[in-house]
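Visitor: Dropping a structure here in structure tokens format, bear with me for questions.
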Amino acid sequence: MQWYTIDKEKVDLEEQLAMHVSSDVIIHIGSDAQANGKEKADFVTVVCVHHVGQGGRVYYWKDIKVPTHSLWEKLYGETERSLRIATQLSNHFGADIVDKILVHVDANPNTKYASSKYVQNLAGMVMGYGFKYVLKPDAFAASHCADHIVKNKN
């Protein structure tokens, strides 16, 4: 998978993170999807490296025209992509990084939203992999960063 900066510069994610991983960093990982044709969606996964008190950097990759037939498939696909990257990073950098990773789930526990009926399953999925999760409205990596890129607003 090819990673990019917000400026669309190609980068090696693990190489970039090796330069930024420190004790004062939090790594936010989230994904969002946008319909692209009949029963297909484009997915974007972001890694937001937040240097506490100093700002941060955002990296992303796209997965184009993935068959997606329901809200559950979309939300599951987003969460699975985020977990894939979280797992890849924890395997590469070791167990110490796990406590610095937050997986942002693009679902809202408020029952007025359709995604609320999937919150328990998606949060359980993240915890099952050993990571902490963040839900909407606080899941900015998914609902703002990835959303912005998947809708080509960058």
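Visitor: Suppose each label sits 7 Å from its Cα in the direction of the beta carbon; what would the Lys151-His51 distance come out to in nanometres?
Guide: With each label point 7 Å from Cα toward Cβ, the separation is 3.0 nm.
Visitor: Give the cross-link partners of Lys38 among the lysines, using a straight C-alpha distance below 30 Å as the criterion and excluding same-chain residues fewer than 8 apart.
Guide: Lys8, Lys10, Lys62, Lys65, Lys74, Lys112, Lys117, Lys136, Lys151, Lys153
Visitor: Would you mind telling me which residue in Lys117, Lys74, Lys62 has the biggest mean-square fluctuation in a Gaussian network model of the chain, where springs connect alpha carbons within a distance under 10 angstrom?
Guide: Comparing Lys117, Lys74, Lys62 in the GNM, the peak value goes to Lys117.
Visitor: Multiplying the sequence separation of Val66 and Lys117 by 0.36 nm and subtracting their Cα-Cα distance, what value in nm do you get?
Guide: Working: separation 51, 0.36 × 51 = 18.36 nm, distance 2.29 nm.
Extra length from Val66 to Lys117 when fully extended: 16.1 nm.
Visitor: With a cut-off of 8 Å between alpha carbons and a minimum separation of six or more residues, what is the relative contact order of the stretch 42-95 in percent? Write out the running numbers ahead of the final one.
Guide: Numbers: 38 pairs, mean separation 17.3, N = 54.
Result for the stretch 42-95 is 32 percent.
Visitor: Grab the DSSP H runs of the chain that are 4 residues or longer, score each as -39,500 (n - 2.57), total them, divide by all residues and round the 222 nm result to the nearest 500 deg cm²/dmol.
Guide: On the way: 4 runs with 45 residues, N = 154.
About -9000 deg cm²/dmol.
Visitor: Next up: Restricting to Cα pairs below 8 Å that are 6+ residues apart, what does the relative contact order work out to for the stretch 5-154? Please round to a whole percent.
Guide: 28 percent
Visitor: Out of [x] 109; [y] 158; [z] 189, which label holds the value of volume of the Cα convex hull per residue in Å³ that was computed here?
Guide: Identified label for the calculated read-out: [x].
Rule-based calculations on the coordinates, nothing more; no lab input. Keep in mind it's a predicted model, so treat the numbers as computed, not measured. Neighbour counts are summed over all protein chains in view; Cβ atoms, including those assigned to glycine, are modelled from backbone coordinates with ideal geometry.
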